Amino acid sequence: MSQRVTGHTELLGLLAMPSRHSNSPLMHNSAFEKLGLDMVYVCFEVGLNEIQDAVKAIRTLKLVGCNVSMPNKKAVCRYLDRLSPAAELIGACNTIVNKNGMLEGHNTDGIGFISMLKDNGIELKGKRFTLAGCGGAGTAISIQAALEGAEEISIFNIHDEFWQNAELTVKKINENTSCKATLHSLEDKDDLKEEIKKGFMFVNSTGVGMKPMEGMTYIPSADFFPKDVFVADIIYSPTKTRTLELAEEAGCRFINGTSMMLFQGAAAFKLWTGKDMPVGYIKDVLGL
């Protein structure tokens, strides 16, 4: 890495809390090196109290751009100059592009999730599934899935600061797509179990299972998962969350969020560089 850092090296990074577990630096720096781009990607530990100053720093330090992850995806939007149509509809941003001081927010989470499914031979058009969590990633996944032709989405959320966002997301889906969306309380485990059984897939889009909540899950036991249900957890560190352990115990096919991270990253890479990420090469780097 040090051999390719020069006085002209351009900087990109991740704004999240926590961020040190992220595979994004490995992914992007490997792609930069492969394509001969004089760029470096690093992690910044940035929470909600620092996100406004961090956005100012993007302009001041002339960063090419940044990724944004929990807990900043929604909060960051108010500090940007412009949002893409997808970010505007979702109400959250995971990618910032610096266009000569004009900061533009994008959301590639939904695209990354759909690409992950397709890469594993899974088609959701005309199907029903259950999703836990309606923060930035959950909103992006549900809206993109609705646009891709999902028939019905049962969205579960706890009664926290994201509940109102979940209500708005359901309204957007029902008014702007042919998909039917319903909102449920994640505290109601009987309802959760019943809805999971009705669909072909369960998705955990919450941060439960990731640091500092390793070993935790909203799923009480393996019998919540029928064997024919596909289970996806957007967390990729640890590689097997408690939710996925229960899916494995139930005999379900399952996947973590590493591939989603790859494909949303590839979309961000294109926005920053104008070039296609060498996805096949990066899969080898990440051990996919």
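The values are calculated or read from the model by the stated rules, or taken from the named source; none is laboratory data. Please read these numbers as outputs of a predicted model, since none were measured by experiment. Cβ atoms come from the backbone with ideal geometry, glycine included; neighbour counts cover every protein chain shown. Side chains included, ligands, DNA and RNA excluded: accessible areas come from the protein's heavy atoms. Shrake-Rupley method; radii C 1.70, N 1.55, O 1.52, S 1.80 Å.
Considering each residue of region 233-259, count those that are assigned to a strand (DSSP E or B) and either in contact (Cβ under 8 Å) with a residue 40 or more places away in the chain or of a type in the set (Phe, Trp, Tyr) (or both), and give that number.
Qualifying residue count, region 233-259: 2.
Return the total of residues in region 10-40 being part of a strand (DSSP E or B), open to solvent by 30 Å² or more (accessible area, probe 1.4 Å) and either in contact (Cβ under 8 Å) with a residue 60 or more places away in the chain or of a type outside the set (A, V, I, L, M, F, W, C) (or both).
The qualifying residues number 1.
Look at Ile122 and say whether it is outside any helix (DSSP H, G or I), within 30 Å of Val279 (Cα to Cα) and open to solvent by 10 Å² or more (accessible area, probe 1.4 Å).
Spelling it out, Ile122 is indeed outside any helix (DSSP H, G or I), within 30 Å of Val279 (Cα to Cα) and open to solvent by 10 Å² or more (accessible area, probe 1.4 Å).
Based on this model, can you work out whether Ser221 counts as touching a residue at least 24 places away in the same chain (Cβ under 8 Å), farther than 28 Å from Ala16 by Cα and small (Gly, Ala, Ser)?
Values: touching a residue at least 24 places away in the same chain (Cβ under 8 Å): yes; farther than 28 Å from Ala16 by Cα: yes; small (Gly, Ala, Ser): yes.
Answer is yes for this residue.
Looking only at region 177-198, count every residue that is open to solvent by 20 Å² or more (accessible area, probe 1.4 Å), within 26 Å of Asn72 (Cα to Cα) and not small (Gly, Ala, Ser) and tell me the total.
4
Yes or no, residue by residue, for (1) crowded, with 18+ Cβ neighbours inside 10 Å; (2) under 20 Å from the mean Cα position of the chain (by Cα); (3) not acidic (Asp, Glu):
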| site | (1), (2), (3) |
| --- | --- |
| Gly251 | no, no, yes |
| Phe254 | yes, yes, yes |
| Thr258 | yes, yes, yes |
| Phe263 | yes, yes, yes |
| Asp276 | no, yes, no |
| Leu288 | no, yes, yes |
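Could you tell me which numbered condition Gly136 fails, if it satisfies all but one of (1) at pLDDT 95 or above; (2) farther than 23 Å from Arg253 by Cβ; (3) under 16 Å from the mean Cα position of the chain (by Cα)?
Of the numbered conditions (1) at pLDDT 95 or above; (2) farther than 23 Å from Arg253 by Cβ; (3) under 16 Å from the mean Cα position of the chain (by Cα), the odd one out for Gly136 is (1).
With respect to Ala145, determine if the residue is assigned to a loop (DSSP other than H, G, I, E, B), at pLDDT 95 or above and within 25 Å of Thr95 (Cβ to Cβ).
no
Being acidic (Asp, Glu), open to solvent by less than 50 Å² (accessible area, probe 1.4 Å) and over 26 Å from Val68 (Cα atoms) is the requirement here; does Glu152 meet it?
Spelling it out, Glu152 is indeed acidic (Asp, Glu), open to solvent by less than 50 Å² (accessible area, probe 1.4 Å) and over 26 Å from Val68 (Cα atoms).
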